[in-house]
1. Spin-label point model (7 Å from Cα, Cβ direction): what's the residue 227 to residue 74 distance in nm?
2. Find the accessible area per residue for region 4-72; the probe is 1.4 Å, ligands and nucleic acids are left out, and the unit is Å².
3. Over the chain, with every protein chain in place, what whole percent of the accessible area is carbon and sulfur at 1.4 Å, could you tell me?
4. Could you tally the net charge around residue 180, taking each other residue with its Cβ under 12 Å from the Cβ of residue 180, Lys/Arg +1 and Asp/Glu -1?
5. Roughly what % antiparallel, to the nearest 5, for the DSSP beta bridges in the chain?
6. What distance in nm lies between label points placed 7 Å from Cα along the C-beta direction at residue 153 and residue 81?
7. Summing Lys, Arg as +1 and Asp, Glu as -1, what charge do residues with Cβ under 15 Å from the Cβ of residue 119 carry, residue 119 excluded?
8. Kindly provide the helix-only [θ] at 222 nm of the chain, computed as the sum of -39,500 (n - 2.57) over DSSP H runs of four or more divided by all residues, to the nearest 500 deg cm²/dmol?
Amino acid sequence: MPDHAFADHELAALYDALNPRESSGDYEFYFPMLMAAGSVLDVGCGTGSLLHWARESGHRGRLVGIDPAAGMLAQARRRDDVEWVHGDLSTATWDSEFDFAVMTGHAFQVLLTDEELRTAFAAIQRALKPGGRLGFDTRNPAARAWERWTPSHVWEAVTADGVPVRSWNDAGPFENGYVHFTTTFESPAWDAPRFSESTLRFLDVPSLAAFVAEAGLVIEQQYGYWDRTPVTDASPEIITIVRRPLT
């Protein structure tokens with residue numbers, strides 16, 4: 001089930017204000033690959049911001065976004081020149097249709113079980129044309145990002161309606177590759193704070209490579225940050241570009 005922060009229409013409407021397009025390097029990193037592809041699948045597209053940007057920038061090919069969260073898709077559907085699909089990869093039936101697929105914003109980490117990972121990689125492998133590529137990112141567990149997900153690290157934003165909102169995370173311990181955390185949203189315009197519970201999975205490089213190989217995909221490039229530096233124990237990210245072989 002999607003996190004409450006994504007399924008709830010009011011909280012989903014806050015997402016872009018709290019996570020502006022320029023706040024992370026992922027969009028700028030993937031954008032040239034997206035714009036060079038004739039057909040693009042955005043998995044976990046959220047509010048559709050990336051595909052909106054592609055259309056605004058002149059992409060004339062096929063753009064498809066899929067997301068299981070109704071609240072986020074309601075935001076995405078503000079543009080009707082993109083195909084929006086409510087669902088996930090477990091029911092995807094695309095066959096050799098996309099030049100490029102992408103998962104931004106660490107959406108990959110919501111795939112919690114081995115079965116979910118295998119299903120997702122298999123669906124993307126089928127959806128890509130031979131030679132097509134997938135770009136995705138996951139936080140490097142060695143960097144222990146969850147230790148900074150505390151109430152002392154607060155995000156603040158003002159919505160398009162002029163409403164100030166504060167948000168923070170409160171993470172539990174790292175256990176067997178998983179971290180559970182609570183996100184709190186607070187605004188003087190509300191009677192009470194709102195909450196969302198989340199769990200993310202952290203995979204290291206060897207584990208990730210094993211799932212990629214099992215799906216019949218090939219790792220083409222891998223980076224530790226958006227500036228294309230190599231993956232090390234200190235790298236905050238594991239950014240991976242994989243390719244469906246031509247045969």
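1. Modelled inter-label distance: 4.1 nm.
2. 38 Å²
3. For the chain, the apolar C and S fraction of the accessible surface comes to 51 percent.
4. Value of the local net charge: -3.
5. 65 percent
6. 3.8 nm
7. -2
8. After summing the helix terms and dividing by residue count, I get -6500 deg cm²/dmol.
The values are calculated or read from the model by the stated rules, or taken from the named source; none is laboratory data. Quick caveat: nothing in here was measured; it's all calculated off a predicted structure. Neighbour counts run over all protein chains shown; Cβ positions are idealised from the backbone, glycine included. The area values use the complete protein model at the heavy-atom level, side chains included, leaving out ligands, DNA and RNA. Shrake-Rupley method; radii C 1.70, N 1.55, O 1.52, S 1.80 Å.
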